[in-house]
Amino acid sequence: MTVTIAVSGKGGSGKTTVASMMVRAILERPDSGSILCIDADPNSCLALALGVQPGVTVAEIREHARAKPANAGGMDRVRTFEYGLQQAITETGKFDLVTMGRPEGPSCYCAVNNLLRRILDELSSKYRFVIIDNEAGMEHLSRRTTNNVDLLCIVAEATSVGALTARRIFELAKQLPIVVRKTGVLWSKTECDYPQGEGSEPLEVLACVPEDAAVLDASRRGDNVFTLPGDSSAFQTVRAMVERLLAASQTKLTSKR
């Protein structure tokens, strides 16, 4: 069964860094299994954080497929899109990466998005884990172009603005046309000194990731997540969170048998 984790948050919150740390944490598990990483943020920084070069983007394939004249059955467009998406998968031996690219233009993309939804669903089902790096607006999820989500991790800085952004993403998640089974906030660059915020429903705290000089130095050098020392306090916190979440997920699955 595929476990899908979506990471969201505004720019600068550490969202992509957290997503890449999740990938590394899962890879270091003895039973990691296959991982599909989806970079759904138009800034497309996940590849850099993971130390790989992204291939062609899904946005480029989508534009090419839209320009393709469809025959009576629409097979030309389908074949073009299916072939193109296979070319868009960056394979590393440890994980695979798909980069979504820039948002859609003003034209109608309904038919192509329906194709994308079906193909990504089929693709995702072949992996043990799917990690999605989303933008704060979660455009990728709001257009229902992925599977249902087991965990939505909202990354936010421990400020009043960060708390407000986390609350807005939390409320937006309730309106998504997909099932989000669990939602929580990861407070970034803090030792659990964060604003409580407002709202009738409390936000579950997944973890508090401390500010880490090793992460800052790696960012300045343009290094990827795999160059971080194993004792990095930020990485250790994210890894512990991943272990807790996966253990809880496995317990629920076992209890249902």
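The values are calculated or read from the model by the stated rules, or taken from the named source; none is laboratory data. Note that this is a predicted model, so its numbers are computed, not measured. So basically every Cβ, Gly included, is an ideal-geometry build from the backbone, and we count neighbours across all protein chains shown.
Does residue 189 satisfy the condition of being farther than 25 Å from residue 64 by Cα, more than 15 Å from the chain's Cα centre (by Cα) and modelled with pLDDT of 90 or more?
Judged against the criteria, residue 189 is a match.
Quick check: is even one residue across region 95-110 surrounded by fewer than 18 Cβ atoms within 10 Å (Cβ to Cβ), under 19 Å from the mean Cα position of the chain (by Cα), modelled with pLDDT of 80 or more and not polar (S, T, N, Q)?
Taking every residue of region 95-110 in turn, none turns out to be surrounded by fewer than 18 Cβ atoms within 10 Å (Cβ to Cβ), under 19 Å from the mean Cα position of the chain (by Cα), modelled with pLDDT of 80 or more and not polar (S, T, N, Q).
I need the full set of residues from region 26-68 which are among the acidic types (Asp, Glu) and not in a loop (DSSP other than H, G, I, E, B), in order please. If you could, list the steps in order and put the result at the bottom.
Pass one, region 26-68, residues among the acidic types (Asp, Glu): 28, 31, 39, 41, 60, 63.
Correct list: 39, 60, 63.
So residue 234 clears everything in (1) at pLDDT 95 or above; (2) of a type outside the set (Val, Ile, Thr); (3) closer than 20 Å to residue 135 by Cα; (4) part of a helix (DSSP H, G or I) except one condition, right? Which one?
With respect to (1) at pLDDT 95 or above; (2) of a type outside the set (Val, Ile, Thr); (3) closer than 20 Å to residue 135 by Cα; (4) part of a helix (DSSP H, G or I), residue 234 is out only on (3).
Assess whether residue 200 counts as being closer than 26 Å to residue 149 by Cβ, among the small types (Gly, Ala, Ser), at pLDDT below 95 and surrounded by 15 or more Cβ atoms within 10 Å (Cβ to Cβ).
It is false that residue 200 is closer than 26 Å to residue 149 by Cβ, among the small types (Gly, Ala, Ser), at pLDDT below 95 and surrounded by 15 or more Cβ atoms within 10 Å (Cβ to Cβ).
Could you list, in sequence order, the residues of region 1-25 that are within 22 Å of residue 219 (Cβ to Cβ) and part of a loop (DSSP other than H, G, I, E, B)?
Residues satisfying the conditions are 9, 10, 11, 12, 13, 14.
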